[in-house]
Amino acid sequence: MARSRNHEQWTAKPSLASDEYVDSRIYSDQEIFDEEQEKIFKKAWIPVCHESEMPKAYDFRTTTVAAEPIVITRGKDMKVRAFLNVCPHRGNMIERRPSGSFLEGTPSGNPKHMTCMFHAWQFDMKGRCVYISRQEEGYQDRLQKQQVGLRELKCEVYFGGFIWVSLNDDIDMTVADWAAGSLECLQPSLDEEPLEVFHYHKAIIPCNYKLWHDTNCEFYHDYLHYHNRITGFNDAYFARKNMGFDNGHINVGSFEVNYDNYEGAHSRETISFPHLPANHWYMIDMFPGVNFNLRGSSLRCDMMTPLGPDSVMIEFRGLGLKSDDAKTRKSRIDHHNSIWGPFGRNLHEDLLAVTGQGAAMNASAEKRQILHGRHENETIHDENGMRHFYEEWGRWMDRLPSNPDKPFKENSSAVRAV
Amino acid sequence: MSGVDTANAVRDSIYRACLYKDDMAWEKWLELCDDDYYYAITAYSPEISNDMTYLSGSREDMSTMMNMLPKHNSDHSPLKRHCSVYTVDVDEKAGTATAVSSVLVYQTQLDGINCHVDAGESKVFIVGKYHDKFRVSGDGVKFIERIVKIDTRRLDKGTHYPI
Ligand code: FES
Ligand SMILES: [Fe+2]
């Protein structure tokens, strides 16, 4: 009896164009991962938290981008600034808590300052060094405080109050430029009034970060979710457009979700976000790994921190309007949790699927081709979103996603297989 | 019931609820609860400096959710609870009782990752406390509220099962 496919057939080029599949090595190779950190995560704009997490002067948040520890502060002038969370003296991490206020002093230092506990050097909210313990005795006049400020990073508050940083001093665009129009579909809804984060949890998943981004970019996996099939599948749903924007971003156009079809779910009509038609649902996926997802009444945002070729931390946030009364907020939270909470219907299923992908590929595994070659007029089950992402990825990495040992070729999508 | 009997009945109900949930006998678990039962899983996040609710619902909501499970793709790795009832306070006049218990939930891998390698491995999944309220009557005690306050906020794949 003939076998299904032998090694040669399994690893042969698929009968699809070279932009319609990728080599699984891009999800498992350490060298490619290290290169992504340098070429992409240290170069792009990355959102790290939301301003409602640090509403008052002297509030702070800590985070990491490309394994660099970062502290975000809000100054007396209410301006949000970002710095490497690294002491210029002997490189200790300055602030160890996830969030808090510098209004109170720490055991080694004074109120209103960031203090490195190790030898008590102190910095103000603008990152300037304002105190070196026994400075004259030790450094005489050889080292001045002005010379040992913190490394400041590019930082902007943009799009409903999200805080974005870039490790790239030379980035020659604002976050608005970087978004290249991809955020516009939700901008009126998010910028009308202040938002507030009501949900946070995190997952460390044994898979490559791009597998999570892919899942957020493709809706063909509705087959994974009973909830989506029962509330979504109709003509308007299948007409939803997947649109690509410059810099590798995409968004998915809206339609009206029939929540009543899922037993126990409720319409979100009365508490939809401002300017959003009732029960509508927009999704934005930004390069290299951010997702904004507005299902009528609650906004979800996924921020990814790649930890290794086969490990990613995903931080999940849920947001409502700061002006919510208690009842409205509870409804938003219930809506959010029913699908997206850690005990919700869909998120668990999504995370199981990417865990399965991660478990089935490793750096020395027989080559897999990961297909995303569906063409359906750029509508919901088309896989053009992933193709758009990988074209950008190839450009930044100068690697061909379908054969990462080869340099990227512009317009590789034009090269159709026979 | 005397105060001592009520306290014993409260403890008994908490432990029985654990066993039923361990066995995924969801209907039996809900039979320990009154009609106006309210269940919630909450946590405090030092990241966003806010109290959060991760799941909440009535007895009916819980029952609907559990009945939907066969239609969903779930991690079937069993969750088992280790619980110690710390305090029981009976308010005889009001006909109510409250209890605080510590709970650890262990997950034993089955089909969550790569079963050939991982199946059989047990790990702590969630650490938290049960804050329970009971209605006390001649027939015994019934849960009217359970707030599961969890410390764990790194929940990885999460779960479709209540804690
Ligand atoms: S390492 Fe920070 S003060 Fe010395
Ligand atoms: Fe999904």
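The values are calculated or read from the model by the stated rules, or taken from the named source; none is laboratory data. Note that the coordinates shown come from a computational prediction; the quantities given were computed from them, not determined experimentally. All Cβ positions, even for glycine, are placed from backbone atoms using ideal geometry, and neighbour counts span all protein chains on display. Ligands, DNA and RNA are stripped out before the accessible areas are found, and what is left, the full protein with its side chains, is counted by its heavy atoms. Shrake-Rupley method; radii C 1.70, N 1.55, O 1.52, S 1.80 Å.
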Q. Given (1) assigned to a loop (DSSP other than H, G, I, E, B); (2) within 17 Å of the chain's Cα centre (by Cα); (3) within 16 Å of ligand 2 (Cβ to nearest atom), where does residue A:288 come up short, assuming only one miss?
A. (3)
Q) Is it true that some residue in the stretch B:96-108 is within 14 Å of another protein chain (Cβ to nearest Cβ), surrounded by 20 or more Cβ atoms within 10 Å (Cβ to Cβ) and touching a residue at least 12 places away in the same chain (Cβ under 8 Å)? A) yes
Q) On the given criteria, is residue B:132 away from every other protein chain (no Cβ under 14 Å), within 23 Å of residue B:27 (Cβ to Cβ) and buried (at least 19 other Cβ atoms within 10 Å of the Cβ)? A) yes
Q.
Given the criteria within 16 Å of ligand 1 (Cβ to nearest atom), open to solvent by 10 Å² or more (accessible area, probe 1.4 Å) and of a type in the set (A, V, I, L, M, F, W, C), does residue A:148 qualify?
A. yes
Q. Within the stretch A:219-233, is even one residue hydrophobic (A, V, I, L, M, F, W, C) and either over 30 Å from residue A:329 (Cβ atoms) or more than 14 Å from chain B (Cβ to nearest Cβ) (or both)?
A. yes
Q | helices (runs of 4 or more DSSP H) (entirely within the stretch B:1-99) containing at least 2 residues that are closer than 19 Å to residue A:341 by Cα | A | B:59-68
Q: Starting from the stretch A:83-105, keep only residues that are within 14 Å of another protein chain (Cβ to nearest Cβ) and open to solvent by 20 Å² or more (accessible area, probe 1.4 Å), then list their pairs with residues that are near ligand 1 (Cβ under 9 Å from one of its atoms) and not small (Gly, Ala, Ser) whose Cβ atoms are within a distance under 9 Å, requiring at least 6 positions of separation or different chains.
A: A:96/A:117
**Q.** Hits in the stretch A:255-288 (condition: within 18 Å of residue A:188 (Cα to Cα) and in contact with a Lys or Arg (Cβ under 7 Å, 6 or more places away or on another chain))
**A.** A:255, A:271, A:279, A:281
Q. Pick from the stretch A:52-101 the residues that are over 19 Å from the mean Cα position of the chain (by Cα) and among the hydroxyl-bearing types (Ser, Thr, Tyr): which of them is farthest from ligand 2 (Cβ to nearest atom)?
A. A:58
Q: Sort through A:181, A:160, A:109 and tell me the only one that's closer than 23 Å to residue A:74 by Cβ, touching a helix residue (DSSP H, G or I) at 6+ places or on another chain (Cβ under 9 Å) and part of a loop (DSSP other than H, G, I, E, B).
A: A:160
Q) Taking residue B:64 and the conditions (1) open to solvent by less than 30 Å² (accessible area, probe 1.4 Å); (2) without any contact (Cβ under 8 Å) to a residue 12 or more places away in the chain; (3) touching a helix residue (DSSP H, G or I) at 6+ places or on another chain (Cβ under 7 Å), which numbered condition does it fall short on, given that it satisfies the others? A) (3)
Q. Under the condition of being open to solvent by less than 10 Å² (accessible area, probe 1.4 Å) and either without any contact (Cβ under 8 Å) to a residue 24 or more places away in the chain or not hydrophobic (A, V, I, L, M, F, W, C) (or both), which residue from the stretch A:185-201 is farthest from the other protein chains (Cβ to nearest Cβ)?
A. A:189
Q.
Whether any residue in the stretch A:227-242 is at pLDDT 95 or above and open to solvent by 10 Å² or more (accessible area, probe 1.4 Å) is what I want to check.
A. no
Q: Would you mention how many residues in the stretch B:135-163 are within 14 Å of another protein chain (Cβ to nearest Cβ) and assigned to a loop (DSSP other than H, G, I, E, B)?
A: 12
Q: Output the residues belonging to the stretch B:2-61 that are away from every other protein chain (no Cβ under 14 Å), open to solvent by 40 Å² or more (accessible area, probe 1.4 Å) and free of Cβ contacts under 8 Å to residues at least 24 places away in the same chain.
A: B:2, B:4, B:5, B:8, B:12, B:16, B:19, B:20, B:23, B:28, B:31
(Q) Whether any residue in the stretch A:202-224 is open to solvent by less than 10 Å² (accessible area, probe 1.4 Å) and modelled with pLDDT under 90 is what I want to check. (A) no
Q: Considering only the stretch A:321-418, give the helices (runs of 4 or more DSSP H) lying wholly within it that have at least 2 residues that are touching a Leu at 6+ places or on another chain (Cβ under 7 Å), in contact (Cβ under 8 Å) with a residue 24 or more places away in the chain and buried (at least 21 other Cβ atoms within 10 Å of the Cβ).
A: A:326-340, A:346-359
Q.
If I go through the stretch B:110-126 residue by residue, how many of them are part of a strand (DSSP E or B) and either surrounded by 19 or more Cβ atoms within 10 Å (Cβ to Cβ) or within 14 Å of chain A (Cβ to nearest Cβ) (or both)?
A. 3
Q) When the residues of the stretch A:107-132 are filtered to those that are among the polar types (S, T, N, Q) and within 12 Å of ligand 1 (Cβ to nearest atom), which remaining residue is surrounded by the fewest Cβ atoms within 10 Å (Cβ to Cβ)? A) A:108
